[in-house]
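Read the structure below first, then the notes.
The values are calculated or read from the model by the stated rules, or taken from the named source; none is laboratory data. Just so we're clear, the structure is a prediction, and the values are computed from it rather than from any experiment. Virtual Cβ from ideal backbone geometry, glycine too; neighbours counted across all protein chains shown.
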Amino acid sequence: MKGISYANPLLLLSGIVPLVVCRAWVPSSRRVLFYRVHVKLNTAHAFAKLLRRPEKLTFLPFIRELEFLGGLAENRWMTTVLPKIAKHIPPLIRAVILNFSYHSSYSFIRPPFDAITRLEIMHRLPRLKFDDVINCITSFSTLEVLRLWMEEWADTAVPEQSPPPPATLRYLDLRCNSNHLPPFLEWMTSGPAEITTLLLHIPSSEANCLASLRQYIGSLSRSLRTLRLSFSHQNWPRDSIASAFVDLLRLNTQLHALTIRSAQNHAISLLQSMHLPPSVQSITMVVPASPPFLHTLLPPKDMPTLDSRMASLGRLREFRIMYFRDFVLAETTRQLESVKDRIDVSELPGCVARGILSEDVVNERYPYWYYY
């Protein structure tokens, strides 16, 4: 299209939108297209150049989320350029995503947006320090949502006299290894934050890891409404996982929704053995879409017990089985159309009779290593 630079996707989209929709729909279209803007190392200077004349940018007022990735999150651009252009970015920005690269030299840099309510920090290499991360988190006094996916850390202890988590925090999505999970959860209990939604990856069956997990979830007895547990690729024995989590939720009398995600045989074992609070109204099993996994995850011999347990929960309104389709694996794409036929609903007659059974297929947004 003449007059539009394809090297600049923001200008490209802002120029195309008025041409493909009627004028009345332009604001709504821009609100969708520019809700999240990704800024990479190779586009950062072009992005900054655009902001020299912000009054000319029709898309600027529609940005709500900024993601810094591709080596940019730890680049000096964050300290030399971003502070200068931040004043031109609307104060309506509510989310910042820091996606650190694998190979760049590391320097943790706090984004200069004080009013954000959601912060995401993702990194796999052992460069980040507890002190850096905690100081960044606590510097946002209005933070409500925190996603922290850290495979490794540079240290294994929370510094003494660390400030507590923001009191406004309500949503925590946490993934780290077994050495760092206990100290981080201990830090989370040091403040008044009342978490209502917890997404937690369980990295191993180590005793200290499971003990800290039980203690933290128990500390949320009055606030926790939604819990999602995901498990590593470790093949825990069924008896071991059942005994480890049988009383996990005994204090969480306000829990409404429970999700268990696993690429092993954990889900049915947990649902058969766990004490489930009477308050639970929705239970979801998330399992891989590929047949090798389904053969071991949902064996026919376990279906009657599972059906009996789910059907006996008087306040349960929905029992969902969700098949996740990993976009990294090509074979799952070919199997997508028939994946919903993997389970014979006649094996769950109690759930069918109550009208609580549902199935769905979901696509993964993040690479597989975040989950296993």
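The one condition from (1) under 19 Å from Pro182 (Cβ atoms); (2) modelled with pLDDT of 75 or more that Pro112 does not meet is (1). Checking each residue in the range 207-223 for being under 20 Å from Arg175 (Cβ atoms) and surrounded by 15 or more Cβ atoms within 10 Å (Cβ to Cβ) picks out Cys209, Leu210, Ser212, Leu213, Arg214, Tyr216, Ile217, Ser219, Leu220. Restricted to the range 250-286, and to residues that are touching an Asp or Glu at 6+ places or on another chain (Cβ under 6 Å) and of a type outside the set (A, V, I, L, M), which residue is surrounded by the fewest Cβ atoms within 10 Å (Cβ to Cβ)? The qualifying residue surrounded by the fewest Cβ atoms within 10 Å (Cβ to Cβ) is His275. Across the range 48-73, the number of residues qualifying as within 13 Å of Val37 (Cα to Cα) and outside any helix (DSSP H, G or I) comes to 8.
Looking at the range 123-148 only, could you name the residues that are farther than 17 Å from Ile195 by Cβ and either touching a residue at least 60 places away in the same chain (Cβ under 8 Å) or of a type in the set (D, E, K, R) (or both)? Arg124, Arg127, Lys129, Asp131, Asp132 - these are the residues of the range 123-148 that are farther than 17 Å from Ile195 by Cβ and either touching a residue at least 60 places away in the same chain (Cβ under 8 Å) or of a type in the set (D, E, K, R) (or both). Scan the range 39-95 for residues that are hydrophobic (A, V, I, L, M, F, W, C) and exposed (fewer than 12 other Cβ atoms within 10 Å of the Cβ) and the total you get is 1. Could you go through the range 162-183 and let me know if any residue there is modelled with pLDDT under 85, out of contact with any Lys or Arg (no Cβ under 9 Å at 6 or more places or on another chain) and β-branched (Val, Ile, Thr). There is no residue in the range 162-183 that is modelled with pLDDT under 85, out of contact with any Lys or Arg (no Cβ under 9 Å at 6 or more places or on another chain) and β-branched (Val, Ile, Thr). How many of the residues in the range 179-203 are within 22 Å of Lys129 (Cβ to Cβ) and hydroxyl-bearing (Ser, Thr, Tyr)? So the answer is 2.
Across the range 15-36, a minimum of one residue is classified as out of contact with any helix residue (DSSP H, G or I) (no Cβ under 6 Å at 6 or more places or on another chain), at pLDDT 80 or above and assigned to a loop (DSSP other than H, G, I, E, B). Taking the condition part of a helix (DSSP H, G or I), among the polar types (S, T, N, Q), modelled with pLDDT of 80 or more and under 23 Å from Ala244 (Cα atoms), does Ser308 pass? Yes; evaluated as a whole, the condition is true for this residue.
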